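**Q** One structure is given below, represented as structure tokens, and several questions about it will come after.
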Amino acid sequence: MRSSSGGWVAKSAKRALLGLLDILNAAMERFCVRSAYCTVRVRPSSAFIIFSRPASLALSASARNSLLLEKAARFFEQELSKNREALSYLESRRLLPQTSKSFRLGFAPNTWQSLFDALSKEGFTASEMQKAGLVRSGKAYAGGTSFYDVFRGRVMFPITDVAGRVLAFS
């Protein structure tokens with residue numbers, strides 16, 4: 001026979017476990033949206049966490065846009081680490097390197113197609129990049145249409161939601 005306090009402890013432990021599973025599920029969903037390689041489901045009744053790979057990696061347009069913006073943010077972050085002039089500018093504005101990393105600041109190189117080329121290599125189309133506001137179409141020519149980067153030669157500030165997903169750039 002269980003004591004009344006034992007039942008209370010068991011219920012409290014189960015509530016705490018379910019709360020932890022909710023937190024873990026939210027964190028893994030965030031990871032999976034970013035990586036697009038798995039899905040996560042939590043079964044509170046059995047306390048199992050199920051990871052699975054989709055049969056096809058076909059993503060919705062919204063998920064592809066999120067992934068595109070994340071890849072662009074990473075590109076800008078890498079470019080900032082390579083650009084001494086941009087780093088010294090941020091230092092002159094009294095921004096600590098930890099602050100730049102925390103807010104995921106980046107740099108758009110002063111070239112016409114570096115972001116376009118990098119995202120093309122990642123498998124994104126010009127149309128997707130254009131819809132995300134990262135590139136614009138240039139002049140049409142015999143071989144097709146040229147595209148150029150919207151952001152050039154400037155520090156980039158990603159705008160994120162509360163989950164840390166990149167929504168836009170400033």
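**Q** Does at least one position in the stretch 62-74 carry a residue that is free of Cβ contacts under 8 Å to residues at least 24 places away in the same chain, aliphatic (A, V, I, L, M) and surrounded by fewer than 17 Cβ atoms within 10 Å (Cβ to Cβ)?
**A** Checking the stretch 62-74: not a single residue is free of Cβ contacts under 8 Å to residues at least 24 places away in the same chain, aliphatic (A, V, I, L, M) and surrounded by fewer than 17 Cβ atoms within 10 Å (Cβ to Cβ).
**Q** Which pairs have Cβ atoms under 7 Å, sit 6 or more apart or on different chains, and link a residue in the stretch 103-116 that is closer than 15 Å to Lys82 by Cα and open to solvent by 30 Å² or more (accessible area, probe 1.4 Å) to one that is modelled with pLDDT of 95 or more and in a loop (DSSP other than H, G, I, E, B)?
**A** Between residues of the stretch 103-116 that are closer than 15 Å to Lys82 by Cα and open to solvent by 30 Å² or more (accessible area, probe 1.4 Å) and residues that are modelled with pLDDT of 95 or more and in a loop (DSSP other than H, G, I, E, B), the close pairs are Asn110/Arg152; Asn110/Gly153; Thr111/Arg152.
**Q** Inside the stretch 146-159, can you point out the residues that are assigned to a loop (DSSP other than H, G, I, E, B), within 22 Å of Arg84 (Cβ to Cβ) and over 18 Å from the mean Cα position of the chain (by Cα)? Give the derivation first.
**A** Taking the stretch 146-159 and keeping what is assigned to a loop (DSSP other than H, G, I, E, B), we get 150-153, 157.
From what is left, the residues that are within 22 Å of Arg84 (Cβ to Cβ) are 151-153, 157.
Listed by number, the residues that qualify are Phe151, Arg152, Gly153.
**Q** Any idea how many residues of the stretch 75-91 are of a type in the set (Asp, Glu) and either in contact with a Ser or Thr (Cβ under 6 Å, 6 or more places away or on another chain) or open to solvent by 100 Å² or more (accessible area, probe 1.4 Å) (or both)?
**A** Here the count works out to 2.
**Q** Just the residues that are open to solvent by 60 Å² or more (accessible area, probe 1.4 Å), touching a residue at least 24 places away in the same chain (Cβ under 8 Å) and of a type in the set (A, V, I, L, M), please, taken from the stretch 143-170. Give the derivation first.
**A** Restricting attention to the stretch 143-170, the residues satisfying the condition of being open to solvent by 60 Å² or more (accessible area, probe 1.4 Å) are 143, 145, 148, 152, 154, 157, 159-160, 162, 165, 167, 170.
This time we only want the ones that are touching a residue at least 24 places away in the same chain (Cβ under 8 Å), so: 148, 152, 154, 157, 160, 165, 167.
Within the stretch 143-170, just Leu167 meets the criteria.
**Q** Scan the stretch 126-135 and tell me whether some residue there is open to solvent by 90 Å² or more (accessible area, probe 1.4 Å) and under 17 Å from Leu167 (Cβ atoms).
**A** As a first pass, look at the stretch 126-135 and keep what is open to solvent by 90 Å² or more (accessible area, probe 1.4 Å): 131.
Okay, now just the ones that are also under 17 Å from Leu167 (Cβ atoms), so 131.
Yes; the residues of the stretch 126-135 include at least one that is open to solvent by 90 Å² or more (accessible area, probe 1.4 Å) and under 17 Å from Leu167 (Cβ atoms).
**Q** If you don't mind, there's one more thing I want to ask. For the stretch 64-109, give me each residue that is within 11 Å of the chain's Cα centre (by Cα) and small (Gly, Ala, Ser).
**A** Our first condition is that a residue be within 11 Å of the chain's Cα centre (by Cα); within the stretch 64-109, this holds for 64-74, 104.
Passing the criteria: Ser66, Ala72, Ala73.
The values are calculated or read from the model by the stated rules, or taken from the named source; none is laboratory data. Just so you know, these numbers come straight off a predicted model, no measurement behind them. Methodologically, a virtual Cβ is constructed for each residue, glycine included, from the backbone with ideal geometry; neighbour enumeration extends over all protein chains shown. Note: areas computed on protein heavy atoms with side chains; ligands, DNA, RNA excluded. Shrake-Rupley method; radii C 1.70, N 1.55, O 1.52, S 1.80 Å.
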